[in-house]
Amino acid sequence: MTANLFQTYVLNKTLSLKNRILMAPLTRCMADDELVPTQDMADYYGRRAEAGLIISEAVIIRPDGQGYPNTPGIFTPAQIDGWRTVTDAVHQHGGKIFAQLWHTGRVAHPHFYQATGNQDVMAPSAVGIEGSVPRMRELTYQIPKAVSVEEIAQLVSDYSQAAANAIDAGFDGVEIHGANGYLIDQFLHHDSNRRSDEYGQTPENMSRFALEVLDAIVARIGNDRTALRVSPGAYFNMAGDSRDRAVFDYLIPEIEQRDLAFLHIGIFDDAMEFDYLGGRASSYVRSIYNKTLVGVGSFTAEAGSKAITDDKFDLLAIGRPFIANPDYVERVRDGQELVEYSDEMLTSIV
């Protein structure tokens, strides 16, 4: 019932994947205090190299992008060297790995980068969220600063440099994190983007930052090594708005023209439906995007295989089951029972 998951798949006529099962990006907070990847992380990723492609946990592009403890960066030489240990481990086991590039925007907290002297939280608009930092509940979120046009240009440059750093660290490519309520996604939704300049109000303006980041990275490392994750349906640290549909109606065809390695749906559960999208986020994207699409969101191997058969997407990203089952691919291939995921596993390294 899952035979199609074990077919090879070529990304953008360049990178051959040994199967259609991707390991989804999973924040684990396993870096050291300098945000350098550790040997435990190299072992963790190396054990999962049977995936057709691993998408790394989100990787911070610069200090003020950090919103969670011990999440790895890729902006210092030590961090790049640490990631090289990880990518070497994956490649030695015959795998391939992309880095997911991340700035958390208004979900960042100055506690993590106070040594830089910077106390600002960056976002499209001065609109905050309620609550506190996971694992550090004593840290409550702040009202962010609306970034200037000059600061946006610097962010674009920093994304580009992070992509170059990722290639230097041995990654096979990068996935730009444009989903799940973080910085790029904040520009794409009316709840978080209240700007009146060239980065706000209209679909073209609200898409501008995402496309500038995308184009800068493509220019730096090539479209065949660049992917993007998007969340057309606002659902995490973000309220939905019916006007958001027009933003993605404009953005997604623009993405298709860039001929990326793949486009990845950002959703925790693909059963979620959004009125302004007319249903599921994945169905909406597939209706206007005809190139390689990655589906994710609580799929079993069987359900994901059927979705591929039904042309709902081309590749299946698996998240939490990969935490519980380092040998997920082999277990599915051999029809073995999976170890059930539990939240306790988040604090252990398997």
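The values are calculated or read from the model by the stated rules, or taken from the named source; none is laboratory data. In this text the structure is predicted, and so the values were computed from the model without any measurement. Here Cβ is always computed from backbone atoms with ideal geometry, including for glycine, and neighbour counts include all displayed protein chains. Side chains are part of the model used for accessible areas, which takes the heavy atoms of the whole protein and leaves out ligands, DNA and RNA. Shrake-Rupley method; radii C 1.70, N 1.55, O 1.52, S 1.80 Å.
Just need a number here: residues in the range 72-85 that are among the aromatic types (Phe, Trp, Tyr) and part of a loop (DSSP other than H, G, I, E, B).
If we filter the range 72-85 for residues that are among the aromatic types (Phe, Trp, Tyr), which is where we start, we get 75, 83.
Within this subset, residues satisfying the condition of being part of a loop (DSSP other than H, G, I, E, B) are 75.
The total comes to 1.
Residue check: is TYR284 touching a Phe, Trp or Tyr at 6+ places or on another chain (Cβ under 8 Å) and farther than 27 Å from ASP43 by Cβ?
Answer is yes for this residue.
Could you check how many residues of the range 79-115 are closer than 25 Å to VAL213 by Cα and open to solvent by 40 Å² or more (accessible area, probe 1.4 Å)?
4
Tell me which residues, restricted to the range 201-214, are under 11 Å from GLU254 (Cα atoms) and either open to solvent by 60 Å² or more (accessible area, probe 1.4 Å) or within 16 Å of the chain's Cα centre (by Cα) (or both).
Filtering the range 201-214 down to residues under 11 Å from GLU254 (Cα atoms) leaves 204, 207-208, 210-211, 214.
Listed by number, the residues that qualify are GLU204, ARG208, ALA210, LEU211, LEU214.
For the subset of the range 248-268 comprising residues that are open to solvent by less than 10 Å² (accessible area, probe 1.4 Å) and not in a loop (DSSP other than H, G, I, E, B), which member is nearest to SER298 (Cα to Cα)?
ILE265
Of the residues that sit in the range 122-147 and are of a type in the set (Val, Ile, Thr) and over 20 Å from the mean Cα position of the chain (by Cα), which one is most open to solvent (accessible area, probe 1.4 Å)?
In the first step, residues of the range 122-147 are kept if they are of a type in the set (Val, Ile, Thr); the result is 127, 129, 133, 140, 143, 147.
Applying the additional criterion that residues be over 20 Å from the mean Cα position of the chain (by Cα) yields 127, 129, 140, 143, 147.
Values: VAL127: 32, ILE129: 27, THR140: 83, ILE143: 121, VAL147: 4 Å².
For the range 122-147, the residue satisfying everything is ILE143.
Taking the conditions exactly as written (open to solvent by 30 Å² or more (accessible area, probe 1.4 Å) and either in contact (Cβ under 8 Å) with a residue 60 or more places away in the chain or in contact with a Cys (Cβ under 6 Å, 6 or more places away or on another chain) (or both)), does ASP191 satisfy them or not?
Details: open to solvent by 30 Å² or more (accessible area, probe 1.4 Å): yes; either in contact (Cβ under 8 Å) with a residue 60 or more places away in the chain or in contact with a Cys (Cβ under 6 Å, 6 or more places away or on another chain) (or both): yes.
So ASP191 fits the description; yes.
Scan the range 83-101 and tell me whether some residue there is acidic (Asp, Glu), at pLDDT 95 or above and within 29 Å of VAL294 (Cα to Cα). Break it down stepwise before answering.
Applying the first criterion (acidic (Asp, Glu)) to the range 83-101 yields 88.
From the residues that got through so far, the ones that are at pLDDT 95 or above too are 88.
Subsequent filtering for residues that are within 29 Å of VAL294 (Cα to Cα) retains 88.
Yes, that holds for at least one residue.
I need the full set of residues from the range 169-200 which are among the charged types (D, E, K, R), within 17 Å of the chain's Cα centre (by Cα) and outside any helix (DSSP H, G or I), in order please. Show your work before the answer.
Step one: of the range 169-200, the residues among the charged types (D, E, K, R) are 172, 175, 185, 191, 194-195, 197-198.
Of the ones still in play, those that are also within 17 Å of the chain's Cα centre (by Cα) are 172, 175, 185.
Across the range 169-200, the qualifying residues are ASP172, GLU175.
Report every pair of residues separated by at least 6 positions or lying on different chains whose Cβ atoms are under 9 Å apart, first residue within the range 87-106 and closer than 18 Å to GLN161 by Cα, second of a type in the set (Lys, Arg).
Partner pairs satisfying both residue conditions: PHE98/ARG225; GLN100/ARG229; HIS103/ARG62.
Checking the structure you have, find out if any residue of the range 148-168 is assigned to a helix (DSSP H, G or I), open to solvent by less than 60 Å² (accessible area, probe 1.4 Å), under 16 Å from ILE54 (Cβ atoms) and in contact with a helix residue (DSSP H, G or I) (Cβ under 7 Å, 6 or more places away or on another chain).
Within the range 148-168, one or more residues are assigned to a helix (DSSP H, G or I), open to solvent by less than 60 Å² (accessible area, probe 1.4 Å), under 16 Å from ILE54 (Cβ atoms) and in contact with a helix residue (DSSP H, G or I) (Cβ under 7 Å, 6 or more places away or on another chain).
Can you pull out every residue in the range 221-247 that is within 12 Å of HIS190 (Cα to Cα) and not in a loop (DSSP other than H, G, I, E, B)?
Within the range 221-247, ASP244, ARG245, ALA246, VAL247 qualify.
Of all residues being of a type in the set (A, V, I, L, M, F, W, C) and part of a strand (DSSP E or B) in the range 86-112, which is farthest from LEU17 (Cα to Cα)? Just the residue, please.
Start the filter on the range 86-112 by keeping residues that are of a type in the set (A, V, I, L, M, F, W, C), which leaves 86, 89-90, 97-99, 101-102, 107-108, 112.
Now narrow it down to the ones that are part of a strand (DSSP E or B): 97-99, 101-102.
Working: ILE97: 10, PHE98: 12, ALA99: 16, LEU101: 21, TRP102: 24 Å.
My answer is TRP102.
Here is a yes/no grid of residues against (1) closer than 13 Å to ASP172 by Cβ; (2) open to solvent by less than 10 Å² (accessible area, probe 1.4 Å); (3) free of Cβ contacts under 8 Å to residues at least 40 places away in the same chain; (4) among the acidic types (Asp, Glu):
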site	(1), (2), (3), (4)
LEU11	yes, yes, no, no
ARG20	no, no, no, no
MET30	no, no, no, no
GLU34	no, no, no, yes
THR38	no, no, no, no
TYR45	yes, yes, no, no
GLY52	yes, yes, no, no
GLU57	no, yes, no, yes
